[in-house]
Amino acid sequence: MYPEIMVIPMREELTRLGIQELRSAEAVDQALKAKPGTTLVVVNSICGCAAGRMRPAVRMALQSAARPDSAFTVFAGQDTQATERARSYFTGQPPSSPSIAILRDGQLVYMMPRRDIESREAPAIAADLKSALDKFCAKEAPVL
């Protein structure tokens, strides 16, 4: 684990976007367990691919994509129990950080693991995330 003072800016890069940070397993369960609607879950990390690619890509995607009903983040390597619990909701996926998941009604519908983040630039990651958000989080137009 890194000293908390070092990771505060990395945490804030996501919380400034309105993404709520979950720091305990209990908080993760409260936020994710069978929650109706769509939920974005960002597994943050201290690695360079999170700093230079994933966090900026999340910001870019959220600027123009359909918004999920809720958005949360856990920090791998810092909040271990919260991260492990969040990953337990990513059925069939190996642990990966950084990573981005979308849940619908508590079920995993989209996963972007580290391998899809680390070798790409933020705009390409953002484009894929925007497509996923638009696909899974778009609200249906009201019938007139």
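When peptides 127-134, 2-9 are ranked by their average number of other Cβ atoms within 10 Å per residue, the highest-first order is 127-134, 2-9.
Calculated FRET efficiency, residue 66 to residue 34, Cβ-Cβ distance, R0 = 22 Å: about 0.50 to the nearest 0.05. Taking 85, 115, 53 as the candidate residues, the one with maximal mean-square fluctuation in a Gaussian network model of the chain, Cα springs under 10 Å, is 115. The modelled label-to-label distance between residue 2 and residue 26, using points 7 Å beyond Cα along the C-beta direction, is 2.8 nm. For the options 94, 56, 36, a Gaussian network treatment of the chain with springs between C-alpha atoms closer than 10 Å singles out 94 as fluctuating the most.
Shape index of the chain: Rg/Rh, with Rg the Cα radius of gyration and Rh the Kirkwood radius from the inverse mean 1/r over Cα pairs, equals 0.95. Under 5 Å between amide hydrogens, which residues at least 5 positions from residue 71 or on another chain qualify, with H placed 1.01 Å from N in the peptide plane? Answer set, sorted by chain and number: 20, 40. Between 38, 91, 80, the Gaussian network model of the chain with springs among Cα atoms under 10 angstrom shows the greatest mean-square fluctuation at 91.
Bridges between two residues of the chain, per DSSP, are antiparallel at a rate of about 60%.
Every number in this text was worked out from the coordinates using simple rules, so none of it is lab data. These numbers come from a predicted model, not from an experiment. No Cβ is skipped: glycine too gets one built from the backbone with ideal geometry, and neighbour counts run over all protein chains shown.
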